[in-house]
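We did not get these values from a lab; they are worked out from the coordinates using the rules stated. Just so it is clear, the model here is predicted, and its values are computed rather than measured. Because the Cβ atoms are built from the backbone with ideal geometry, glycine has one as well, and the counts that use them run over all protein chains shown.
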Amino acid sequence: MKILVINAGSSSLKYQLFDMDTGAVLAKGGCEKIGVEGSLGIITHKRPDKEKYVTNVALPDHNTALQIVLKLLTDPELGVIASVDEIGSVGHRIVHGGEKLTVNIVGEEELKYLYSIIPINPLHAPPAIKAIEACQKLMPSIKHVVVADSAFYRNMPPESYIYPIPYEYYETYKVRRYGFHGTSHRYVSGEAAKYLGRDLKDLKMITCHLGNGSSISAIRNGICVDTTMGFTPQEGMMMGTRSGSIDPTVVTFLMKQTGMTPDQMDDVLNRKSGFLGISGVSPDCREVMVEEGKGDARSHLAMQVFYHYAKKLIGALVAELNGVDVLVFTAGIGENDPVVRSNICRDMDFLGIKIDDEVNLAMKRGTFGDITAPDSRVKVLVIPTDEEYMIAKETYDIVTK
Ligand code: ADP
């Protein structure tokens, strides 16, 4: 069966077509600048055996973008299937599934629920809904599936997800911790168990997804029991442009002092903080490290704060698990940056975490690696994440069940 995976953002849409019989990616690409006034959209399309195809066309909405994607997939020159009918199902990434959606075939009820959670997910829900509705129209005879980033956290115990604020806010507004990046955490935890030849059910694992957005999860017996992101992807780790956890009073204090509106404050915490906020250089960890190397004090401070947050959060999650067998690094920074891995793992030997610095530094970027020191009690692994494959697999599993 062939599964099309769609990941829609407000002005972008990424796609990958998988052949689930072989696990191969047949083609992938993306559309950028959808609905951006005064600007042509950009489409990229790549099949493994051909050069990347890039073109500029008008992309007024997600529906038009998807029509072009389907044309490309069936194009005699650039395509990989003869007809859209070859697509067995579509898996849509949704960031937030609220309390109800995990991996679900989309019917009327599911769509209605997605609309109902727009207030708690105003950035991601609208483009996802647009993409789902467009796909349903273009491919009416197949099943459309949503795979929520928050699905991996469905079994977190209440003490992990309830905030210590008046309970009525949970009851009325569903203010609680949901967790994000779950598809990535789930994928790498499964790959780690496979590599170790162990059953996930026998392992205590900490998975660190460190990218533009960063989160750390604690997994016991294959079930995620806690994670650092909460009501939104803002909680927890310091990130590229997001602050991560800060004293909530800082928010009300700054609003009173500066007269910022809630939206302006949101913008500061989501888009002007993190690496960018402290360093003043860039949200990109690589660029901050370059400036640090030249002796820039604030870039150095930004990196130190990042390591500090990571250590503190890993420590808290290990305490929750009562120990750890496996520590995994993944995503842009986790997969690619040996210096970050080494700084986070430094002085963690009291927990049994020791990495082999030589192996860590010699690792080819973005590849699988076992960087465990010979005398480490905890296995430390670097595992490239593959959220799209995981979405395709979850989609395949539910439609063939
Ligand atoms: P997103 O959350 O947008 O998917 P990514 O997982 O791609 O983000 O991570 C982006 C981060 O990864 C950036 O901070 C970038 O500096 C870092 N990164 C990407 N490639 C490398 C690399 N080769 N070396 C070090 N850091 C890298």
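What is the chain by shape, rounded, prolate or oblate, if you read a ≥ b ≥ c off the alpha carbon gyration tensor as root eigenvalues and call it rounded for a/c under 1.5, prolate for a/b larger than b/c, and oblate otherwise?
It comes out rounded by the Cα gyration axes.
Can you tell me the orientation of helix 182-196 relative to the chain, as the angle in degrees between its alpha-carbon axis and the longest Cα principal axis, to the nearest 10?
With rounding to tens, the tilt is 70 degrees.
Just to be sure I understand: of the beta bridges DSSP finds with both ends in region 52-167, what percent are antiparallel, rounded to 5?
35
What Rg and what Dmax come out for region 287-384 when only alpha-carbon atoms are used, in angstroms?
13.6, 41
With N denoting the number of residues in region 168-259, provide Rg(C-alpha) divided by 2.2 N^0.38 Å, to two decimal places.
Dividing the Cα Rg of region 168-259 by 2.2 N^0.38 Å gives 1.34.
Output the antiparallel fraction of DSSP beta bridges having both residues in the chain, as a percent to the nearest 5.
65
List, largest first, the extents of the alpha carbons of region 128-194 along their principal axes, each in whole Å.
45, 39, 14
Once you order the gyration tensor axes a ≥ b ≥ c over the Cα atoms, which shape class does region 8-112 get: rounded for a/c under 1.5, otherwise prolate or oblate by comparing a/b with b/c?
Oblate is the answer for region 8-112, as a/c is 1.5 or above yet b/c matches or exceeds a/b.
Which value, to two decimals, describes the C-alpha radius of gyration of region 62-102 once divided by 2.2 N^0.38 Å?
For region 62-102, the normalised Cα radius of gyration comes out at 1.55.
Would region 92-222 count as rounded, prolate or oblate if I go by the C-alpha gyration tensor, calling it rounded below 1.5 in a/c and otherwise prolate when a/b exceeds b/c, oblate otherwise?
Taking the square roots of the gyration eigenvalues as a ≥ b ≥ c, region 92-222 is oblate.
In region 1-73, what GluC sites (Glu not before Pro) fall in a loop by DSSP, with at most 10 other Cβ atoms inside 10 Å?
Glu37, Glu51
Of Lys112/Lys311; Lys2/Lys52; Lys112/Lys201; Lys46/Lys137, which sit over 30 Å apart, Cα to Cα?
Lys112/Lys311; Lys112/Lys201
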